[in-house]
Amino acid sequence: MSKLAVVVALATGLLSGAAMAQAAKPTIVLVHGAFADSSSWNGVIANLQRDGYRTVAIANPLRSVSADAQLVSDVVGSIAGPVVLVGHSYGGQVISNAVKGRDNVKSLVYVAAFAPDTGEAAADLAGKFPGGTLGQALAPPVKLTGGGVDLYIDQAKFREQFAHDVPAEAAALMAVGQRPITEAALTEKSGEPAWKSRPSYFVYGESDRNIPAQALGFMAERAGSRRTVVVKGGSHVVMVSQPKTVADVIEEAAR
């Protein structure tokens, strides 16, 4: 074989190896929670994409645990290759219920998120420990024609309750663009949790006012968290205020 052929063969092999390594990186699927939307992941997405990860941020309907989890499961089922599922707040309960039959889910990341056990609801866990003030910050419920109600955070109380470590101008925009959750979704009981069968990672703020930090720590310990990062002074939306910290935890779960 000529020297040129050897060089070409080696280069081709290296390129193929690099392509395989790139392809082997999991897809990161991000699921927002109540009173947020997919744009809450923008800073995290920028960090992940810069490091070569494909990302999918799902528009979580926030209607019911079972329906929302089925949507996430369908999206995961459409993705070839391994997936890391990431949930924020109520989105943690959704990802916990979305893994059944999806063998490509390799790990879970809970970002200021609920990680319920079988038969638990988000509302149960939020009230399990002192410190949560969400109930006092809600706007009057919106009655739905088909029954039930939608819940919003009062825009005037949004930053203090939800995003106290986010600049005021950005938090004001988040307050207007918040997506409501049904009361029924917050009280629906969870199924067999995925954290019992998949490695789990947790990151949350020590000053979370939606889900008390004590509750988040309890859930992380119960789930056998491989790594738990507590953001000093962090609010309920650490993915907005500390996107690099959150992205680092996700990348650790991906590795």
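When each of the peptides 78-87, 174-183 is scored by how many other beta carbons lie within 10 Å of its residues on average, the order from highest to lowest is 78-87, 174-183.
The simple spin-label model puts a point 7 Å past each Cα toward its Cβ; for Ala168 and Ser66 those points are separated by 4.6 nm. At full extension, Ala80 and Arg222 could sit 48.0 nm farther apart than now, given 0.36 nm per residue minus the alpha carbon distance. Placing a label point 7 Å from the Cα of Thr118 along the Cα-to-Cβ direction, the residues of the range 214-252 whose backbone N falls under 17 Å of that point are 223. Its relative contact order, with pairs defined as Cα atoms under 8 Å and 6+ residues apart, puts the range 137-255 at 24 percent. Of the complete DSSP H runs in the chain, those spanning 27 angstrom or more by Cα along the long axis with a mean Kyte-Doolittle score not below -0.5 are 3-24. Out of every Cα-Cα pair that the range 3-254 contains, those further apart than 27 angstrom amount to 34 percent.
Charged side chains reduced to their Cβ positions (Lys and Arg at +1, Asp and Glu at -1) give the range 3-254 a dipole of some 620 debye around its Cα centre. Packing here is the average count of other Cβ atoms within 10 Å per residue, and on that basis the peptides 149-155, 92-98, highest first, run 92-98, 149-155.
Here the contact order of the range 3-254, divided by its residue count and restricted to Cα pairs under 8 Å and six or more residues apart, works out to 23 percent.
In the chain, the DSSP-assigned H stretches of four residues or longer account for a calculated mean residue ellipticity at 222 nm of -11500 deg cm²/dmol, using -39500 (n - 2.57) per stretch and the full residue count as denominator.
Summing charges over neighbours of Pro82, with a neighbour being any other residue whose Cβ is under 15 Å away from its Cβ, gives +3 when K and R count +1 and D and E count -1.
At an R0 of 35 angstrom, the distance between the Cβ atoms of Ala184 and Arg255 translates into a FRET efficiency of 0.40. Among the listed pairs Lys25/Lys196; Lys100/Lys244; Lys143/Lys189; Lys25/Lys106; Lys100/Lys189, those whose Cα-Cα separation exceeds 18 Å are Lys25/Lys196; Lys100/Lys244; Lys143/Lys189.
Every read-out reported here was derived from the displayed coordinates using simple, explicitly stated rules and does not represent laboratory data. All values reported here derive from a predicted model rather than from experimental measurement. Every residue, glycine among them, receives a Cβ derived from its backbone with ideal geometry; neighbour counts consider all protein chains shown.
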